[in-house]
Structure formats: structure tokens, C-alpha cells
Amino acid sequence: MPKKPVLFVHDGGVDDYLSTILLMTMEHVRVLGIAVTPADCYIEPAVSATRKILDLMNVQGVSVAQSNVRGINPFPRIFRRDSFTIDHLPILNQRDEIRTPLASENAPEFIVKALRAETEPVTILETGPLTTVAAALDLAPDLESRIKEIIWMGGALNVKGNIDPIMEGGQDLTAEWNVYWDPFGAARVWDTKIPIIICPLDLTNNVPVTPAFLKQLGKQYQYPLSDFTGQCYALVVHQDYFFWDVLTTAYLGHPEFFTLKEYETEIITKGRSQGRTLVKPGSRKIQALDTVDLGKFYAYVLDALKR
């Protein structure tokens, strides 16, 4: 059976690296490449860490591209600095040199090249802001017909967003970070006819990284991927932490674990609601992950990390 062609775009947060691992364990997927957006990270350590993760998993034939796009609402530095920590974890630094190739092109050009080389439409898995994808579409409008679907961790539909209104200058708490970083990039993608499936906060709020999960993970630390994942979660579990990107990636692995619901939405680009994914009848139709079988999801992730 032919493997599903997928291009992965992430933004260097802790859960983006764990999504990279989960994606690379999927035997039915053929990853065309990985692009890294400088949003929830500092770009150089984020690209380096991504390449080292592929080395750890002995992945061959997958290049990593660095994006030079910019958002209008930067992530806090305290979030972004985790990319330095991950890049320096001992488990990722057992070799003298990184073997996974760094693409010579900037990420938008890399995406254009990768998609044009395929004979069938490609799925884009996006776990950061949509800015790099939007930039690729601006470079090559014909790319739209080459994208089968975009699976995106982004948006808050019927729940509050996750922006701090004090820290972010009065945003009204309706926006989710991946939209808020660059609402204009998200709106650019919304203006296409590409099928969009989002994993919104409405669902991820119900899927936390739990003490029970971490205890099970600790029992399988002898597996390198489990060991690495445990180290990553140890950095962030002092706060409420959820399976944002990992849950989104799991949909690609086991869509049967999920139910979807259709919404009509638009992206708000200005004002105190900037970055909001507004449910509005008559607007752009999308699909949203609505429910997930939690038991099957947790078991799937733990099993994948034994590989």
C-alpha cells in the first residue's frame, strides 16, 4: 500500500519535538521534509534539535528547512528558551556531527520544491503558526491544488484562548497562540480552498499530560524515545501542560480515535480579538477535532515511544 505523503511544519516548542518523534514512528506515512518556523523557539537551536532527533531515530532521506518568516505577536522569551535546553540534552548529543541534512532553501521555497516534486496531493501537518505555509502559497499560488489537506493545531472555537491579557496588552482572551502569533498568515490560508482540519483548544483542554501518563512513561525509560520524552516533559510539567501538538499528530496516525465537527469560521486580524477563530455562519468551512478516545490515545503514544 502506498505511503501517505506528508510535509511537517512546526515551531520548535517542546511538544513540537515530541510530535516529530510520533510522526516518524508512523509506518503508513512518507515524510517529505520538516520546516521549522521561528515562533515558539529560537530558530537555530530548534532546527538543530529537530535534526538531532531524526539522527536519534536513525531517519534517513528527510531534510530540515529553516524559515525566516516573522509574526506580529512574539511568543514570550520564557517559552522560546526551551529550544536551547532541548538542543543540549545529552541524549541528542552523542555524535560529533549532525547527519540529518539542513535544506539549502529557506522553508517556504523548500515547501514549494517538495510539493511540486510529488505526483499526488500532499498532507501538511502544521503544529505552529501558519505563516510559513502562507509564505509558500504567496510564492506559488498553484501550490494550493497540490495540498490535499492541512491538519493544524490552532484555534479556540467555543472556549477561551490562551493569551495572557495583561502580558499581551489587552487582548480579550479569545485567541489561541498559533493564530495570535500571525493572524494574517492564518487568514491567508483561510482564503484558500484547501481542506482544513484543526485541533482546537476546545479539545486539547481535555487532554492533559497527567501524572499517571508520566508514571507509565517512567516505567519504560529504557527506551531512548521514552527517555527523551520524559526529559522534555520534566521541563514543563510545573505548569498546566496539554497534548496540543502530539494530539494533532496522533490524528494523522489514528483518525479513528477521533470525531470531527464542521464549523464556519473566520480569522480576526485586528482589534482586541486579534487572532480569534470566530465561529460565524456563512464563513469559511473547516473541520475541527471534537472528541478523542482518551484511553486509546494515551496507550498509542506510550506504545509508539517504545520503538
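The values are calculated or read from the model by the stated rules, or taken from the named source; none is laboratory data. Quick caveat, the model's predicted, so the values are computed rather than measured. No Cβ is skipped: glycine too gets one built from the backbone with ideal geometry, and neighbour counts run over all protein chains shown.
Counting the residues of region 1-34 that are farther than 23 Å from P255 by Cβ and of a type in the set (A, V, I, L, M, F, W, C) gives 1. Could you tell me which residue of region 183-199 is farthest from I72 (Cα to Cα), considering only residues that are in a helix (DSSP H, G or I) and in contact (Cβ under 8 Å) with a residue 60 or more places away in the chain? Looking at the filtered set, the residue picked out is W190. Selection of region 1-53 for residues being polar (S, T, N, Q) and under 13 Å from S67 (Cβ atoms) yields T37, T50. Take the residues in region 110-123 that are in a helix (DSSP H, G or I) and in contact (Cβ under 8 Å) with a residue 24 or more places away in the chain; name whichever of them is nearest to E149 (Cα to Cα). Residue satisfying both the conditions and the ranking: L115.
Take the conditions surrounded by 24 or more Cβ atoms within 10 Å (Cβ to Cβ) and among the small types (G, A, S) and apply them to G71. Does it pass? Spelling it out, it is not the case that G71 is surrounded by 24 or more Cβ atoms within 10 Å (Cβ to Cβ) and among the small types (G, A, S). With the structure loaded, tell me whether T131 is touching a Gly at 6+ places or on another chain (Cβ under 7 Å) and within 19 Å of A107 (Cα to Cα) or whether it fails that test. So T131 passes the test.
Summed over region 8-35, residues that are among the hydrophobic types (A, V, I, L, M, F, W, C) and within 9 Å of the chain's Cα centre (by Cα) total 2. So is F110 of a type in the set (F, W, Y) and buried (at least 23 other Cβ atoms within 10 Å of the Cβ) or not? The answer is yes for F110. Here are some residues: T132, T174, T204. Which one is hydroxyl-bearing (S, T, Y), within 25 Å of L92 (Cβ to Cβ) and touching a residue at least 24 places away in the same chain (Cβ under 8 Å)? Sole residue among the options that is hydroxyl-bearing (S, T, Y), within 25 Å of L92 (Cβ to Cβ) and touching a residue at least 24 places away in the same chain (Cβ under 8 Å): T132.
State all residues of region 237-266 that are more than 22 Å from D303 (Cβ to Cβ) and hydrophobic (A, V, I, L, M, F, W, C); if no residue qualifies, say none. Result: L260, single match.
Within region 124-149, being outside any helix (DSSP H, G or I) and buried (at least 22 other Cβ atoms within 10 Å of the Cβ) holds for I124, L125, E126, T127, G128, P129, L130, I147. Scanning region 275-306 for residues that are assigned to a loop (DSSP other than H, G, I, E, B) and under 21 Å from the mean Cα position of the chain (by Cα) yields a total of 3.
Among the residues of region 78-85, is there at least one that is of a type in the set (V, I, T) and modelled with pLDDT under 95? Within region 78-85 (the criterion being of a type in the set (V, I, T) and modelled with pLDDT under 95), the answer is yes, since at least one residue qualifies.
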